[in-house]
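> Mind looking over this structure? Questions follow.
The values are calculated or read from the model by the stated rules, or taken from the named source; none is laboratory data. These numbers come from a predicted model, not from an experiment. Cβ atoms come from the backbone with ideal geometry, glycine included; neighbour counts cover every protein chain shown.
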């Protein structure tokens with residue numbers, strides 16, 4: 001599953017950046033994405049991913065082909081946001097998408113779990129799905145809280161607490177703070193409790 005997850009995550013990251021965030025930024029000035037039922041979409045646009053489809057104002061398009069083809073089907077200009085951040089998905093607009101159905105479901109489930117946990121933990125803060133790193137996060141009192149579907153350092157989905165200033169202690173098990181894998185977090189209440197413990201320790 002690790003290889004299928006990695007290739008699927010890359011393709012979904014490319015869609016988030018090139019088909020959702022880039023076009024939205026060019027028309028509305030924001031790169032922010034959000035978790036939506038069964039997937040993720042623009043914060044202020046009508047485009048979203050649900051399951052293995054791109055949902056547009058005029059219909060649904062299967063997630064296959066390339067980001068350019070998806071963008072054309074949605075009636076938007078493919079490409080990342082310009083002049084906003086340096087890190088990118090690395091996905092070329094014409095790169096063939098590689099999506100494993102089980103991995104798509106895992107990524108979308110993890111974002112949904114993270115969104116529920118973050119909203120329970122901090123009801124007054126809107127979680128943002130950031131297209132540059134493809135993670136869902138909030139910031140409170142100079143500490144980042146969020147979830148990622150995996151990356152180069154951690155191959156599987158994980159939740160994290162990232163203080164802007166380094167902390168030490170048993171809780172802090174990652175170079176940037178604390179990480180708990182999907183195996184350690186079976187549900188949203190457990191994830192919320194992890195965030196709450198991180199906040200308590202970061203404040204101390």
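> Yes or no: the range 46-53 includes at least one residue that is touching a strand residue (DSSP E or B) at 6+ places or on another chain (Cβ under 9 Å) and at pLDDT below 95.
Taking the range 46-53 first, the residues touching a strand residue (DSSP E or B) at 6+ places or on another chain (Cβ under 9 Å) are 46-53.
Imposing the further condition that a residue be at pLDDT below 95 reduces the set to 46.
Checked against the condition, which is being touching a strand residue (DSSP E or B) at 6+ places or on another chain (Cβ under 9 Å) and at pLDDT below 95, the range 46-53 yields at least one hit.
> Same structure, new question: State the number of residues belonging to the range 1-36 that are within 20 Å of residue 99 (Cβ to Cβ), modelled with pLDDT of 95 or more, outside any helix (DSSP H, G or I) and in contact with a helix residue (DSSP H, G or I) (Cβ under 8 Å, 6 or more places away or on another chain).
Going through the range 1-36 one residue at a time, the tally reaches 2.
> Take the range 67-77 and flag every residue that is out of contact with any strand residue (DSSP E or B) (no Cβ under 6 Å at 6 or more places or on another chain) and either outside the structural domain of residue 30 (by TED's automatic domain parsing) or crowded, with 19+ Cβ neighbours inside 10 Å (or both).
67, 71, 76
> What number of residues in the range 46-60 are touching a helix residue (DSSP H, G or I) at 6+ places or on another chain (Cβ under 6 Å) and surrounded by fewer than 20 Cβ atoms within 10 Å (Cβ to Cβ)?
Residues flagged as touching a helix residue (DSSP H, G or I) at 6+ places or on another chain (Cβ under 6 Å) and surrounded by fewer than 20 Cβ atoms within 10 Å (Cβ to Cβ) within the range 46-60 amount to 2.
> Just to be sure, is residue 151 in contact with a helix residue (DSSP H, G or I) (Cβ under 9 Å, 6 or more places away or on another chain), more than 22 Å from residue 30 (Cα to Cα) and modelled with pLDDT under 95?
Here the answer is yes, as residue 151 does meet what is asked.
> Testing residue 152 on (1) farther than 17 Å from residue 115 by Cα; (2) buried (at least 18 other Cβ atoms within 10 Å of the Cβ), one condition comes back false. Which one is that?
The number of the failed condition is (2).
> Can you report the number of residues in the range 22-41 which are within 12 Å of the chain's Cα centre (by Cα) and under 13 Å from residue 76 (Cα atoms)?
Summing the residues that are within 12 Å of the chain's Cα centre (by Cα) and under 13 Å from residue 76 (Cα atoms) in the range 22-41 gives 0.
> Take the range 106-120 and flag every residue that is surrounded by fewer than 21 Cβ atoms within 10 Å (Cβ to Cβ) and either closer than 12 Å to residue 137 by Cα or in contact (Cβ under 8 Å) with a residue 40 or more places away in the chain (or both).
Result: 112, 115, 116, 119, 120.
> Please enumerate the residues belonging to the range 52-84 that are farther than 15 Å from residue 20 by Cβ and under 17 Å from the mean Cα position of the chain (by Cα).
Within the range 52-84, 52 is the sole residue that qualifies.
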